[in-house]
Amino acid sequence: MPKVSLTVNGKPVTVEVENRTLLVEMLREQLRLTGTHVGCDTSQCGACVVHVNGASVKSCTILAVQCEGTEVLTIEGLAAPDGTLHPMQEAFREYHALQCGFCTPGMVMSAIDLVQRNPQGLSDREIREGLEGNLCRCTGYHNIVRAIAAAQVVMHGKAKELPRAVE
Amino acid sequence: MGYEGIGASVRRREDLRFLSGRGIYTDDINRPHQAYAVIVRSPHAHARIRGIDASAARSAPGVIAVFTGADMAAEKIGGLPCGWQVKNKDGTPMAEPPHPVLAVGKVRHVGDPVAVVVAETKPQARDAAERIVIDWEVLPAAATIQAALQPGAPSVHDDVPGNVCFDWHLGDKTAVDAAFARAHKVARLELSNNRLIPNAMEPRCAVGEYDPATGDYTLWTTSQNPHVIRLLMGAFVLNIPEHKLRVVAPDVGGGFGSKIHHYAEEAIVTWAAGKLKRPVKWTADRTESFMSDAHGRDHVTEAELALDDEGRFLALRVRTLANLGAYLSTFAPCVPTYLYATLLAGVYTTPAIYAEVKAVFTNTVPVDAYRGAGRPEATFLIERLVDIAALEMGMDRVEIRRRNFIPKDAFPYQTPVALQYDSGDYHRTLDEALKAAKWDTFEQRRAEAARRGKLRGIGISTYIEACGIAPSAVVGSLGARAGLYEVANIRVNPTGSITVFTGTHSHGQGHETTFAQLIADRFGVPMSQVEIVHGDTAKVPFGMGTYGSRSLAVGGSAIVRASDKIIAKAKRIAAHLLEASVEDIEFKNGMFRVAGTDRAKSFAEVSLAAYVPHNYPIEELEPGLEETAFYDPKNFTFPAGCHICEVEIDPETGEVEVVNFTAVDDVGRVINPMIVEGQVQGGVAQGIGQALFETCVYDEAGQLLSGSMMDYTMPRADDVPYIQVGTAVTLCTHNPLGVKGCGEVGAIGAPPAVIGAVVDALRDYGVRHIDMPATSHKIWRILDAGRQRLAAE
């Protein structure tokens with residue numbers, strides 16, 4: 001079986017995989033990083049989104065062997081080592097942008113990439129369109145959009161602290 | 001630490017684990033020496049199994065075993081039970097054909113499980129499953145209600161000729177007929193309620209384990225009600241005594257009703273784990289979810305509303321055909337009957353109602369509860385019919401509703417369809433919604449949209465629903481084979497922290513936060529001192545789980561009752577410690593105080609005394625501080641409200657954009673407004689999904705055409721607007737918290753508001769009604785026909 005060497009959440013790993021093994025299967029089954037979820041089998045739901053070399057990728061739609069030499073970031077690697085949440089994680093909590101939590105890891109990883117790709121800032125409409133690849137069945141997206149709109153302010157350095165949700 | 005008690009939008013405690021990838025969903029659980037199961041499913045809607053050749057699969061790499069329905073039948077494994085028996089009009093019981101775990105003899109829907117392959121790895125199991133050869137005799141299928149009721153239709157079950165499961169009715173036919181005979185006008189409507197596929201984001205999963213040393217079985221499963229699964233699977237399917245069976249529902253990624261039911265795969269992995277003496281895991285692919293999770297809705301209805309000359313409702317007559325799918329799912333029979341026809345009074349004083357419901361087997365996936373379960377079907381019918389009535393009477397849609405509302409001084413209000421509403425103020429939710437939605441200035445927005453070339457419409461729905469299921473004796477008399485109380489066990493630890501074991505289950509609702517707020521409020525302790533435990537039959541007393549927006553109304557009431565018992569006992573301990581009479585002890589803000597003095601003991605001091613009873617009234621009081629309460633509700637609760645939707649239609653494409661949505665709901669007392677708003681917004685999004693996008697499609701042969709997320713349109717972020725949510729509270733009068741329930745109001749109230757808005761936008765095209773979903777294709781055809789008609793004139 002082929003071996004694939006890559007960096008996952010900052011740690012170098014080498015994993016023996018089948019040719020057909022998907023990145024998400026390697027993450028979940030072999031590295032036991034179960035924060036990345038599988039919600040569909042047609043690349044529609046985005047629960048499996050991780051970052052590969054800084055860009056969001058549906059890890060159900062890329063083979064593990066394609067990730068040789070890459071840097072992969074999953075939801076487990078997002079917070080600072082001291083546990084400080086990424087502003088996007090913090091915003092999701094502050095704005096109640098999650099309910100069952102199943103779509104959340106993929107939603108957060110997509111949202112971070114979306115914000116990073118748009119340093120000029122995004123309107124609510126653009127955030128909604130930018131979430132085209134992620135499904136949530138619980139929230140109606142309302143609070144997800146608000147959370148991303150708030151997080152981008154911090155991520156772009158326009159505010160030090162996350163704007164609080166109105167009570 | 002800010003205020004954490006009732007009414008505070010406390011941020012959720014469960015979020016940290018979900019946001020950092022540390023949630024433990026069933027598929028995240030991996031047991032030592034675990035094997036993997038893949039289910040072989042029927043590709044046919046209806047076929048006889050002439051033979052199964054599993055030899056090539058059995059010899060495939062990594063395969064441990066292959067089992068078929070015959071293997072299970074040989075061990076006398078029972079069929080999946082149904083938890084509710086509905087009776088026919090003549091009093092005879094419904095048809096209740098067997099529902100084998102793995103198909104025996106024939107299959108009845110695409111996705112019906114036929115065999116299971118267990119292998120060392122999932123890819124090996126999947127590869128081997130491909131090698132199973134089944135000799136099929138394909139039979140003609142009855143894929144829709146109409147097809148199943150045709151004379152000479154194929155019989156889904158050979159012993160249920162005509163495919164009718166039950167023919168049921170409710171209400172006073174004579175009174176209704178008399179009212180129609182003297183009606184000034186009759187509004188009529190034929191409509192369907194589109195079949196939906198729930199699609200919780202987490203696909204179902206089950207892990208079974210058997211310990212040969214003890215004989216204990218454990219099942220981890222994606223369930224809303226682990227005790228119900230333990231009872232049904234243990235007692236009716238696998239014959240495992242309950243004390244040897246533990247069912248755990250860990251973090252569950254959404255349910256919406258679809259994870260209430262006892263599914264075949266739970267029994268398969270548990271049974272296989274026992275046979276093979278190894279843990280066995282099965283995880284659904286989304287494709288499997290589409291063809292094996294219970295679907296929702298699927299009604300075809302004719303309804304008539306009789307009115308007097310002032311637009312007052314005299315009587316309602318309803319005939320509904322309900323699709324049950326191929327087998328009776330766990331609670332299927334109650335959904336189109338007691339959760340549907342009992343709601344047909346709506347918020348109106350309609351004095352006479354008669355409903356007939358014929359429930360039909362078809363060669364499709366079983367149909368059961370999906371968010372709202374019966375109440376969305378009732379609400380859509382009533383609210384659409386009221387709009388039609390307004391049209392026929394030449395009345396304003398708001399005015400006809402006002403004229404027929406149950407007035408706020410009429411409670412308790414007995415409807416003609418069995419329910420007694422305890423409280424409500426429908427004028428107030430209406431008024432507040434009209435104001436918030438700027439109903440009065442809508443025509444300006446319509447004109448402004450017209451200048452942009454858009455057709456703008458507004459729709460309204462004033463709904464009611466029934467939650468907090470349910471008084472056990474009442475539902476028992478209606479056919480429920482279960483009690484529907486809830487349980488709470490409160491364990492005060494020696495140092496004064498509190499562990500609450502609840503029989504409800506949280507799969508997105510945020511109970512770990514809300515229930516902790518409730519405890520913080522009752523005991524005056526910080527939330528950090530409270531732990532909420534749920535979802536494990538080894539830890540929690542026998543509880544009924546979460547569905548029907550019952551958790552706070554029933555489960556929260558049990559917590560209150562258990563709290564009361566704790567406080568009563570703690571007061572006696574405090575009285576002893578303070579050398580005072582128990583009648584003089586007050587408990588407030590976490591302190592037991594002798595009234596009118598500064599002599600006090602903290603909750604923690606009293607707790608410690610209970611567990612270190614050195615100075616303790618040991619002759620009259622047991623040590624310890626732990627209490628259990630089982631709460632059986634006195635009635636259903638009745639959330640109600642008003643939803644207003646505004647849409648714009650692009651006449652070129654027929655595309656509908658929901659531009660404004662306003663919901664004002666009376667959900668009773670609100671514990672955490674942030675969570676309530678989130679529940680309503682999520683429910684409304686599902687309601688918009690039903691109204692505009694979602695529908696399950698079978699072809700005539702019973703093939704599931706909408707079998708993936710590429711074919712079944714789930715609402716995405718750019719399909720829904722910001723959803724403006726308000727509450728206007730009247731308290732429930734019969735539970736200790738005054739709460740009603742908020743989980744389903746969105747999915748119940750929204751669809752008729754959306755469709756009302758679409759119809760209003762198309763008012764110049766002669767449209768009275770559009771069945772859901774109002775897709776752009778459907779609307780474009782209406783617009784195109786209108787344009788052609790205009791061109792011809």
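Please treat every number below as a calculation from the coordinates, not as lab data. The structure displayed is predicted, hence computed values, not measured ones. Using ideal geometry, Cβ is built from the backbone for each residue, glycine included, and neighbour counts are taken over all protein chains shown.
What three numbers, in Å, describe the spread of the alpha carbons of the protein assembly as shown along their principal axes, ordered from the longest?
Rounded to whole Å, the extents work out to 86, 83, 67 Å.
Give me the percent of Cα-Cα pairs in the range B:406-481 that sit more than 21 Å apart, rounded to a whole number.
53 percent
What are the residues whose amide H is under 5 Å from the amide H of B:ALA480, where those residues sit 5 or more places off or on another chain and H is modelled from the backbone?
B:GLN85
Please report the orientation-averaged projected area of chain B, defined via the convex hull of its C-alpha atoms, in nm².
37.9 nm²
Quick one: what does P(r) look like for the range B:308-411 with 10 Å bins over all Cα pairs, in whole %?
In whole percents, the pair-distance histogram is 14, 40, 27, 14, 4.
Give me log10 I(q)/I(0) at q = 0.21 Å⁻¹ for the range A:87-155, Debye formula, one equal scatterer per alpha-carbon, no solvent.
Reported log10 I(q)/I(0), two decimals: -0.76.
What list of ³J(HN,Hα) values in whole Hz, one per residue of the range B:140-148 in order, does the Karplus curve 6.51 cos²θ - 1.76 cosθ + 1.60 (θ = phi - 60°) give from phi, with Gly and Pro shown as x?
Computed from phi, the couplings for the range B:140-148 are x, 10, 10, 8, 10, 4, 4, 5, 5 Hz.
Using a Förster distance of 25 Å, how high is the FRET efficiency between A:ALA55 and A:ARG125, based on the Cβ-Cβ distance and rounded to 0.05? Walk me through the numbers on the way to the answer.
Values: r = 23 Å, r/R0 = 0.91.
According to the calculation, E is roughly 0.65.
Over all alpha-carbon pairs of the range A:3-76, lay out the pair-distance distribution in 5 Å bins, whole %, shortest bin first.
For the range A:3-76, the pair-distance distribution reads 3, 19, 33, 30, 13, 3.
Among B:PHE405, B:PHE661, which comes first, second and so on when ranked by fewest other beta-carbon atoms within 10 Å?
By the 10 Å Cβ count, ascending: B:PHE405, B:PHE661.
Please list, in order along the range B:687-699, the HN-Hα scalar couplings obtained from phi with the Karplus expression 6.51 cos²θ - 1.76 cosθ + 1.60 (θ = phi - 60°), rounded to whole Hz, x for Gly and Pro.
Running phi through 6.51 cos²θ - 1.76 cosθ + 1.60 with θ = phi - 60° gives x, 5, x, 5, 6, 10, 10, 8, 6, 8, 10, 10, 7 Hz.
What's the FRET efficiency of B:THR713 with B:GLU242 using the Cβ-Cβ distance as r and R₀ = 35 Å, to the nearest 0.05?
FRET efficiency, B:THR713 to B:GLU242: 0.25.
Where the centroid of each part is defined by its Cα atoms, how far is the range A:1-75 from the range B:223-243 in Å?
First find each Cα centre; the distance between them is then 37 Å.
Work out the FRET efficiency for B:GLU619 and B:LYS565 from their Cβ-Cβ distance, taking R0 = 22 Å, and round it to the nearest 0.05.
Rounded to the nearest 0.05, the efficiency is 0.60.
How many nm separate the modelled label positions at B:VAL582 and B:GLN703, each set 7 Å beyond the Cα in the direction of the Cβ?
It is 7.2 nm.
For the range B:485-631, what is Rg from Cα atoms divided by 2.2 N^0.38 Å, rounded to two decimals?
Against the compact-globule rule of thumb, the ratio is 1.06.
Expressed in nm to one decimal, what extension gain is obtained for the pair B:ARG403 and B:THR495 from 0.36 nm per residue of sequence separation less their Cα-Cα distance? All intermediate terms of the calculation are to be shown ahead of the outcome.
Details: separation 92, 0.36 × 92 = 33.12 nm, distance 5.86 nm.
Separation in residues times 0.36 nm, less the Cα-Cα distance, equals 27.3 nm.
Any chance you could list P(r) for the range B:83-228, counting all Cα-Cα pairs in 10 angstrom bins from zero, rounded to whole %?
In whole percents, the pair-distance histogram is 7, 19, 29, 24, 12, 5, 3, 0.
Residues in the range B:387-429, backbone N under 11 Å from the label point at B:THR733 (7 Å along the Cα-to-beta-carbon vector): list them, ranges by number please.
B:409-414, B:421-424
Over the C-alpha atoms of the range B:1-102, what are the Rg and the largest Cα-to-Cα span, Dmax, in Å?
Expressed in Å, the Cα Rg and Dmax of the range B:1-102 come to 23.7, 68.
Would you mind checking which residues have amide H under 5 Å from B:VAL739's amide H? H placed 1.01 Å from N; only 5 or more apart, or other chain.
HN-HN under 5 Å from B:VAL739: B:ARG669, B:CYS732.
What is the list of residues in the range B:210-239 whose amide nitrogen lies under 14 Å from a point 7 angstrom out from the Cα of B:LYS76, following Cα to Cβ?
Output list for this probe position: B:236-239.
Of the DSSP beta bridges with both residues in the protein assembly as shown, give the percent that are antiparallel, rounding to the nearest 5.
The antiparallel fraction comes to roughly 80 percent.
Along each principal axis of its Cα atoms, how long is the range B:713-763 end to end? Whole angstroms, biggest number first, please.
45, 27, 18
How big is D for the range B:360-434, in µm² s⁻¹ as a whole number, if Stokes-Einstein is applied with the Kirkwood radius of its Cα pairs at 20 °C and 1.002 mPa s?
143 µm²/s
Per the Kirkwood formula on distinct C-alpha pairs, the Rh of the range B:454-564 is how many angstrom?
15.5 Å
Testing the spin-label approximation: label points 7 Å from Cα along Cα→Cβ at B:HIS169 and A:GLU18. State their distance in nm.
Computed distance between label sites B:HIS169 and A:GLU18 equals 5.9 nm.
Using Cα positions and a limit of under 17 Å, work out the lysines in reach of B:LYS539, with same-chain residues fewer than 8 apart set aside.
Of all the lysines, those that pass the test against B:LYS539 - Cα under 17 Å, at least 8 places apart if same chain - are B:LYS244.
Using the number of other C-beta atoms within 10 angstrom as an exposure proxy, rank B:MET591, B:MET72, B:MET674 with the fewest first.
The order, fewest Cβ neighbours first, is B:MET591, B:MET674, B:MET72.
Give the cross-link partners of B:LYS778 among the lysines, using a straight C-alpha distance below 20 Å as the criterion and excluding same-chain residues fewer than 8 apart.
B:LYS454
Just to confirm my numbers, what's the Cα centroid distance between the range B:340-386 and the range B:268-289 in Å?
Computed from Cα coordinates, the inter-centre distance equals 36 Å.
Please report, in whole Å, how far the alpha carbons of the range B:564-671 spread along each principal axis, starting with the longest.
Largest first, the range B:564-671 extends 83, 31, 24 Å along its Cα principal axes.
For B:LYS173, B:LYS89, what ranking results if the residue with the fewest other Cβ atoms within 10 Å of its Cβ goes first? Numbers along the way, then the final one.
Numbers: B:LYS173 15, B:LYS89 12.
With the fewest neighbours first, B:LYS173, B:LYS89 line up as B:LYS89, B:LYS173.
Non-local amide H neighbours of A:LEU122 (under 5 Å, H modeled in plane, Pro and chain starts lacking H): which ones?
Under 5 Å from the amide H of A:LEU122: no residue qualifies.
Grab the DSSP H runs of chain B that are 4 residues or longer, score each as -39,500 (n - 2.57), total them, divide by all residues and round the 222 nm result to the nearest 500 deg cm²/dmol.
Details: 20 runs with 211 residues, N = 793.
That calculation yields -8000 deg cm²/dmol at 222 nm.
Contour minus end-to-end for B:VAL186 and B:VAL138, with contour as 0.36 nm per residue of separation and end-to-end as the Cα-Cα distance?
12.6 nm
For B:GLU130, project a label point 7 Å along Cα to C-beta. Then give me every residue of the range B:38-80 with its amide nitrogen under 20 Å of that point.
Residues B:38-44, B:53-67 fall inside that zone.
Residue by residue, what Karplus-based ³J(HN,Hα) values in Hz, rounded to whole numbers, does the range B:757-764 have, using 6.51, -1.76 and 1.60 with θ = phi - 60° and x for Gly and Pro?
5, 5, 4, 5, 5, 9, 4, 7
Of the cross-linked pairs B:LYS408/B:LYS438; A:LYS11/A:LYS158; B:LYS87/B:LYS408; B:LYS76/B:LYS122; B:LYS408/B:LYS565, which ones have a Cα-Cα span greater than 26 Å in the structure shown?
Working: B:LYS408/B:LYS438 24 Å; A:LYS11/A:LYS158 31 Å; B:LYS87/B:LYS408 35 Å; B:LYS76/B:LYS122 28 Å; B:LYS408/B:LYS565 35 Å.
Those over the limit are A:LYS11/A:LYS158; B:LYS87/B:LYS408; B:LYS76/B:LYS122; B:LYS408/B:LYS565.
List the relative contact order of the range A:3-76 as a percent without decimals, with contacts defined as Cα pairs under 8 Å and 6+ residues apart. Please list the in-between numbers first.
Values: 144 pairs, mean separation 30.5, N = 74.
Relative contact order, the range A:3-76: 41 percent.
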